[in-house]
Amino acid sequence: MTMRRLPRILKAVRRTALQAVPTVIGILILNFFLLRLTPGDAADALAGEAGAATVETLAALKSKFGLDLPVAEQLGGYLWNLAHFSLGVSPRYNQPVAELIGARLPNTLSLMGLALVFALLIGITLGALMATFAGRPTDRVLSVLALLFYSIPSFWIGLMLIVLFSVKLGWLPTGGAETIGANLTGWDAVLDRARYQILPALSLALFYVAIYARLTRDDMIEVRTQDHVRTARAKGLSPFAVTRDHVLRNALIPVTTMAGIHLAGLMGGAVVVETVFSWPGLGRLAYEAVMGRDFHVLLGILLLSSLLVVAVNAAIDILQAWLDPRIEVR
Amino acid sequence: MAPLIDVRDLSIAFPRATPVRGLSLTVAAGETVALVGESGSGKSLTALALMRLLPDAARIASGEILFRGRDGAVTDLAGLDDRALRRVRGRDIAMVFQEPMTSLNPVLSVGQQVAEVVRLHEGLSRRAAFARAVELLDLVRIPEPRRRAGDYPHELSGGMRQRVMIAIAVACAPRLLIADEPTTALDVTIQAQVLDLLDALRRDLSMGLLLITHDLGVVAEWADRVAVMYAGRKVEDAPFETLFGAPLHPYTRGLLAASPRLDAGQHYSAGALAEIAGSIASAAGEEGCAFAPRCPNARALCRAAVPALDAVAPGHLVACPVTTSEAQREARHALAVG
């Protein structure tokens, strides 16, 4: 990307941000009404768990959380709060939603990030190998492997990884986010946390590994037949240099598009994987919020995910314009 | 003078076909040789074979490609291993392809693509190679080369892209430049500019130039010598004055008769253009001369065996038994009368 394109990119970012506002508000209102379709609310869930709630305590709970107000008024109140940059308070945790999400967000982001890195690194490497040996045994074996990764559900992969690496081999912990009571600092703490992340990130990644491997393979095989690759060979470049500089880079453009679309999907997948590995992330918070009918928390998470999708899409546009100069940043 | 490249009896085979058979061809340093033929005659495959860039399914079935390197040593490119071949490609022999639209990598700037070949063969640093690329873009007469070096292929016109291809090809001052229909995809006005540029570079760098084309107008203006191919074989090889002045092979004659001439005032309204009856497809499965099914002079002996290339004059080879015997008879007749 040359410097002369920088101002245009900044302009694109500003416009994307402006366009995001009505989109996100629309998503919120839609979700607000969708959630009303589920039977029960936070007060019902709390009272049910308590086991011995009377009609009076239930009514008191409802009025305390504002759940007895008309739906339109509840929505108005929520949007009013939002306009003042408040996500409301969770009746269940009796904590501001922003704090709850803030505490879990870094865990989920690092899990998703690592999973995406795993998926891209392993997927592109496998895809490049498959393309290089297309039609030969290496390609066949890896294709079967990719098919397995694609079709096995992530919770089962997670459980099997735990059985192999934690129970049998004892290399990695079975779950959690860090060694409790170890009080590590600096690099030790980072390494400790990394050990806890490997298995969940891997089980989240394997499905996408399969997709990126197939995509990379097919794109590379297509690019390889293009005229400019023959030009590269005519220059006297080695097969490795031709693949690296003239095939892989061109083939990666569709892969980045897919990875962008998948980043949002990773968040959904995180719900399952976080539960399997007792990972204290947003996915599990969302799951708990659904079970407890804690709609403020759920709306907060949905707001965050939609913002994430918008941000990722914008980032992908910029990344693509950098990879492929034919694409203008609009 | 010993030729720069001496192709001897080259055959190129696919699993089910042999599109080039027993082709011999030479190009001397500083010489422009045109390889002429219609689509499917095997001329582009020949060009790719010289650089050993044949498609995966094709292989060199027989023959030698003797190339005289900078140190005067002669190597057979047909038997060279990949590593040695990579030192020849782009450095000693370079190629300009037919399609400037698709022959450049769309995601790299043209400066990077020129610099790449310089870095590879001359071991320049990234910065020095880019500076050299700008010089090369200037050499191929691209205006504002410093600014253009940062452009991507899609930002350039077809003619400009072909100039970039030429800059890549001549970057290491190759001994032989192969240009495979370099102007077919370009506007007529640009064609002459590109060919003039190739010709000037050939002179300045004393390269041999193998110009592959089906355009006889191009041949007439820029070639020193012409080899005519038909259905995978060379049928005539002559200096360009001889070929245009006194073509001998019936196919060459047919080609020349079929090309419209502006100076002759020929216009479609003045009558149909001459054509060679039939199509090249009739050459398939032909035992003898591949051109016999379309040839007005075909005799029984034409179908009996593949005609050998005979020298009818110094530097003039023809693969046609009928014309050769006529030419010899005339020569004898001239002797007897004289």
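The values are calculated or read from the model by the stated rules, or taken from the named source; none is laboratory data. As the structure is a prediction and not an experimental result, all values here were calculated from the model. All Cβ positions, glycine included, derive from the backbone under ideal geometry; neighbour counts span all protein chains shown.
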Exercise. So which residues in region A:109-149 are closer than 30 Å to A:Ile301 by Cα, touching a residue at least 40 places away in the same chain (Cβ under 8 Å) and not aliphatic (A, V, I, L, M), if there are any at all?
Worked result: A:Ser110, A:Phe118, A:Gly123, A:Phe149
Exercise. Does B:Val134 satisfy the condition of being farther than 14 Å from B:Val170 by Cβ, touching a Pro at 6+ places or on another chain (Cβ under 7 Å) and more than 11 Å from chain A (Cβ to nearest Cβ)?
Worked result: yes
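Let's see how each residue does on (1) of a type outside the set (Ser, Thr, Tyr); (2) surrounded by 24 or more Cβ atoms within 10 Å (Cβ to Cβ); (3) not assigned by TED's automatic domain parsing to the domain that holds B:Phe67:
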{"position": "B:Arg147", "(1), (2), (3)": "yes, no, no"}
{"position": "B:Gly150", "(1), (2), (3)": "yes, no, no"}
{"position": "B:Glu155", "(1), (2), (3)": "yes, no, no"}
{"position": "B:Gly158", "(1), (2), (3)": "yes, no, no"}
{"position": "B:Met165", "(1), (2), (3)": "yes, yes, no"}
{"position": "B:Arg175", "(1), (2), (3)": "yes, no, no"}
{"position": "B:Ala179", "(1), (2), (3)": "yes, yes, no"}
{"position": "B:Thr183", "(1), (2), (3)": "no, yes, no"}
{"position": "B:Asp187", "(1), (2), (3)": "yes, no, no"}
Problem set entry | Criterion (part of a helix (DSSP H, G or I), surrounded by fewer than 24 Cβ atoms within 10 Å (Cβ to Cβ) and touching a residue at least 12 places away in the same chain (Cβ under 8 Å)) met by exactly one of B:Leu195, B:Leu243 | B:Leu195
Problem set entry | Where B:Gly90 falls short, out of the listed (1) within 11 Å of chain A (Cβ to nearest Cβ); (2) among the small types (Gly, Ala, Ser); (3) out of contact with any Gly (no Cβ under 8 Å at 6 or more places or on another chain) | (3)
Exercise. Which condition number does A:Arg217 fail, the rest of (1) closer than 19 Å to B:Met165 by Cβ; (2) at pLDDT 90 or above; (3) crowded, with 21+ Cβ neighbours inside 10 Å being met?
Worked result: (1)
For this session: Could you please let me know if A:Val242 is within 14 Å of chain B (Cβ to nearest Cβ), surrounded by fewer than 24 Cβ atoms within 10 Å (Cβ to Cβ) and among the β-branched types (Val, Ile, Thr)?
Result: yes
Exercise. If you take just the helices (runs of 4 or more DSSP H) that sit entirely in region A:136-237, which of them hold at least 2 residues that are under 27 Å from B:Thr102 (Cβ atoms) and away from chain B (no Cβ under 14 Å)?
Worked result: A:186-224
Exercise. So which pairs qualify, if the first residue must be in region B:217-235 and in contact (Cβ under 8 Å) with a residue 12 or more places away in the chain and surrounded by fewer than 20 Cβ atoms within 10 Å (Cβ to Cβ), the second must be aromatic (Phe, Trp, Tyr) and assigned to a helix (DSSP H, G or I), the Cβ gap must be under 8 Å, and the two must be at least 6 apart or on different chains?
Worked result: B:Ala220/B:Phe240; B:Ala220/B:Phe244; B:Asp224/B:Phe240
Exercise. Out of all the residues in region A:245-257, which are facing chain B (nearest Cβ under 10 Å) and surrounded by fewer than 21 Cβ atoms within 10 Å (Cβ to Cβ)?
Worked result: A:Asp245, A:Arg249, A:Ile253
Exercise. A:Leu266: buried (at least 19 other Cβ atoms within 10 Å of the Cβ) and away from chain B (no Cβ under 14 Å), yes or no?
Worked result: yes
For this session: Mind telling me which of the residues A:Arg14, A:Arg104, A:Arg92 ends up being under 30 Å from B:Gly150 (Cα atoms) and either part of a helix (DSSP H, G or I) or of a type outside the set (Ser, Thr, Tyr) (or both)?
Result: A:Arg14
Problem set entry | strands (runs of 3 or more DSSP E) wholly inside region B:1-108 that include at least 2 residues being surrounded by fewer than 22 Cβ atoms within 10 Å (Cβ to Cβ) and over 16 Å from the mean Cα position of the chain (by Cα) | B:5-14, B:17-27, B:59-68, B:74-76
Exercise. So which of A:Ile301, A:Ile316 is more than 14 Å from chain B (Cβ to nearest Cβ), of a type in the set (A, V, I, L, M), touching a Gly at 6+ places or on another chain (Cβ under 8 Å) and more than 26 Å from A:Val163 (Cβ to Cβ)?
Worked result: A:Ile316
